[in-house]
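These notes concern the structure reproduced below.
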Amino acid sequence: MVLRRIGLAVLFGVLVGPCLPVEVQAADWPQFLGPDRNAIAPESPKLPRSWPAGGPRVLWKIPVGPGYGGAAVFGDSALILDRENNAQDVLRRIRLADGQEVWRRTDEAPGTLPHNGTRSTPATDGKTVYSIGPFGHICAASFVDGTVLWQAKLLEDWGAKLPQWGVSQNPLLYGDSLIVAPWGTKAAVVAYDKATGAVKWTTSNPGGVQLDYSSPMPLTVAGAPMLAVSGKGAYTIGVDPATGSQLWKYDGYSVKISIPSPLHVGAGRIVLTGGYGAGGAMFKVSKDGDGFSTSEVWKSTKGIMSSKIPQPLLYDGFLYGNSSDDKGGLRCIALDGQVKWETGNRPGFGMGNLILVDGLIFLLNGDDGTLVMAEANPNEYKELGRASFLSGPEVWGPLAYSNGKLIIRDQKTLACLDLMAVGG
């Protein structure tokens, strides 16, 4: 069995091993933004650097309900949270080889939202699949057959308010815990025992902060594991994943609606970005005696990182992000805040997401669904391929990758592409 233990240790804890129902592969994409939650595939076969006119081969396309939730991949299966008839959350396990449905789990969750549909990506350890619906329904279901193991309610259980655009949070598996951030009156962050659903710890709300759209992100500073968690307005706190105690806070950056999650770029430095003219900021978490403190590194309302929806990523010491809010297009930024290059609207990418595989950026145009392949090169924007498999509008869902296969979606279709089946 091929297993990349370093990157998956946080996700699987001590449960990785032969007890799992399917073989754990280094290529798995088992949660939002991949195994390390950073939008980067840590291992991949060497990918072709050019495409024929039609692009990579399409392995399969299947219909999905409207929404923005991405796929997770584990072993031979893709997992997606769907929605039907404004009444039900539908969790589906799909065979990666041919797109055939293995099972579906349906739960009542009536209601409509602006920009209707699901928002979040499931997470799995190969034994259980965890999902959060747009109305905050948390479900833990058997990976084997979809049987519900336990359920909870993100909003009602913790006195949280439904955001205007619905619950968009992606569940975080951390060792034996499932971690969510309701930002309610009863708790800001909650850890459940992932096997039973019992509450292990809670973090108190530091003062009326409400739920927004970003997700908890793990990091390590000065040897100490922690979680960076942002609430409405990008009020960001650090949380001890073992106890739930608050370690630090940063409130020097403000955004009307916080969608991208905190991005750790090393040495305790965290990047926040958002839309509505907020731009971006970097702050640093430092060891301070027995605790931690934060200090601002840079902040700008425009021209650096201005991503309204897409999650930026870090590669070889440079930030790459779709700065959709100020029409900067794909931007490459040094960690001191200096812009190396930007595409602007030539080409532009709407509010489409991006991931990185084998030194290549794969980026969807959020307006029309065009898929672009470009080099992750700090010296210049170098586009290597462009093809259309989806259609707009609002192609905003995150991409997923596994062993040469790229999974993308629009408002009607989930598609799987074979990136190895091209020339060049």
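The values are calculated or read from the model by the stated rules, or taken from the named source; none is laboratory data. Since the structure is predicted, the reported quantities are computational estimates derived from the model, not experimental observations. With ideal geometry, Cβ positions are generated from the backbone for all residues, glycine too; neighbour counts draw on all protein chains shown.
State which residue is nearest to the chain's Cα centre (by Cα) when the search covers only the stretch 9-67 and only residues that are farther than 30 Å from Leu113 by Cβ, hydrophobic (A, V, I, L, M, F, W, C) and modelled with pLDDT of 95 or more. Here the answer is Ile40.
Within the stretch 185-244, the set of residues being over 26 Å from Phe143 (Cα atoms), part of a loop (DSSP other than H, G, I, E, B), modelled with pLDDT of 95 or more and not small (Gly, Ala, Ser) comprises Thr185, Lys186, Asn205, Val209, Gln210, Leu211, Asp212, Tyr213, Asp240, Thr243.
Within the stretch 141-179, take every residue that is under 24 Å from Ala27 (Cβ atoms) and assigned to a strand (DSSP E or B) and give me the one that is farthest from the chain's Cα centre (by Cα). Only one residue tops the list, namely Ser142.
Listed here are the residues, each with its yes/no results for (1) over 20 Å from Asp82 (Cα atoms); (2) aromatic (Phe, Trp, Tyr).
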| site | (1), (2) |
| --- | --- |
| Gly146 | no, no |
| Asp157 | yes, no |
| Tyr174 | yes, yes |
| Asn205 | yes, no |
| Gly208 | yes, no |
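Selection over the stretch 60-88 of residues that are crowded, with 24+ Cβ neighbours inside 10 Å and outside any strand (DSSP E or B) gives a count of 5. When the stretch 358-415 is filtered for residues that are over 21 Å from the mean Cα position of the chain (by Cα), hydrophobic (A, V, I, L, M, F, W, C) and part of a strand (DSSP E or B), the ones remaining, listed by number, are Leu384, Ala387. The set of residues in the stretch 237-250 that are farther than 22 Å from Gly175 by Cβ and either among the β-branched types (Val, Ile, Thr) or crowded, with 18+ Cβ neighbours inside 10 Å (or both) contains only Tyr250.
Scan the stretch 83-102 and give yes if some residue there is within 23 Å of the chain's Cα centre (by Cα), closer than 30 Å to Val271 by Cβ and of a type outside the set (Lys, Arg), otherwise no. No: zero hits.
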